[in-house]
Amino acid sequence: MINLENRISKIFKNLKSENKKAFISFTTAGYPDEDTSLEIIKSVADSGANIHEISFPHAEAQADGPIIQLANIESIKNGINFEKVINIAKKSREYNQDIGLVMMGYLNNIFIYGIDKFAKEVSGIIDAVICVDLPEDVIEERLLKEALKKENIALIKLVTPTTSDERIQKLVKDADGFIYSVNVAGITGVKSAQIDMVNSQISRIKKYTDLPVVSGFGIKTEEDVKVFSKSNADGIVIGSGIVEKIQEVSKIETNKSKIADFVKDFCSKLIINLNS
């Protein structure tokens, strides 16, 4: 296991000392538009979120359900590109030096932009990368891992309900940051996670690593968060639930500050339910 002392490891250390779980939020860069998406990230940081995932839109995002995929399509339609996503991340980091920032998306975007170029561009800004469709043991995985490691950026590994114990053992061997435990088989925002199955999967992962394990997919509502506050996870990820709230408020409000405040209030309530 690589031992990188970046923001993410510090965040989990501090939370563990306080017996708290990490609240990890997710938004789509450029949705509902470029400026508003930046204001939303700032507001999420102000809400007390520990880590924020900035998703770079992809037209054929295999893991994203209808809620996030709609945001992807709208963002691309509005002219967002990979360079603009990186700029949003830079401005987010300028605004808040403490929150963990993760870029999440698909290999094609990074590969076209340039793996080494990407790693250097986000150095000191992004703490980790989640590449949803990146298989283990392919040359691109090795190149990305090596490029990110030079910049002290973690490449997050994902474990799904169909991942075997043998595969988990291999995945976590040189992992860093945290392990992302995908709660349900399939896409985001469709199925609800069942806590017994989630805890069983987390137990399987923790047999092979001391890294924090976070749960994502199938956690959307305040009630879901209350349930998962009792889980064995070291943190939870809320993605579709936040994006859905952005969609709802954007239909009736165009002022970016008001949209951001709405999201901030929603996240604040979720955080209270997670660690009350």
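Work from the charge dipole of the chain (Cβ charges, +1 for Lys and Arg, -1 for Asp and Glu, about the Cα centre) and give the residue of P32, T254, F12 farthest towards its positive end.
Ranked along the dipole, the leading option is F12.
Which value in nm describes the separation of the simple spin-label points at Y95 and K173, placed 7 Å from the Cα toward the beta carbon?
With each label point 7 Å from Cα toward Cβ, the separation is 4.1 nm.
Let me spell out the model: positive unit charges on the Cβ of Lys and Arg, negative unit charges on the Cβ of Asp and Glu, origin at the Cα centre of the stretch 7-275. What dipole size does that give, in debye rounded to 20?
I would put it at about 640 debye.
Hey, can you rank 11-21, 208-218 by average C-beta count inside 10 Å, highest first?
Highest to lowest by the protection proxy: 208-218, 11-21.
How far apart, in nm, are the 7 Å Cα→Cβ label points at S123 and I76?
3.1
Which distance in nm do the two modelled labels at N255 and K16 give, with both placed 7 Å along the Cα-to-Cβ direction?
According to this spin-label approximation, the distance is 4.4 nm.
Shape call for the stretch 7-275 from the C-alpha gyration tensor, a ≥ b ≥ c root eigenvalues: rounded (a/c under 1.5), prolate (a/b greater than b/c) or oblate?
rounded
When the helices in the chain are scored as -39500 (n - 2.57) per DSSP H run of 4 or longer and the sum is shared across all residues, what 222 nm value do you end up with, to the nearest 500 deg cm²/dmol?
-15000 deg cm²/dmol
Rule-based calculations on the coordinates, nothing more; no lab input. Bear in mind that the values here come from a model prediction, so they are computed numbers and not experimental data. All Cβ positions, glycine included, derive from the backbone under ideal geometry; neighbour counts span all protein chains shown.
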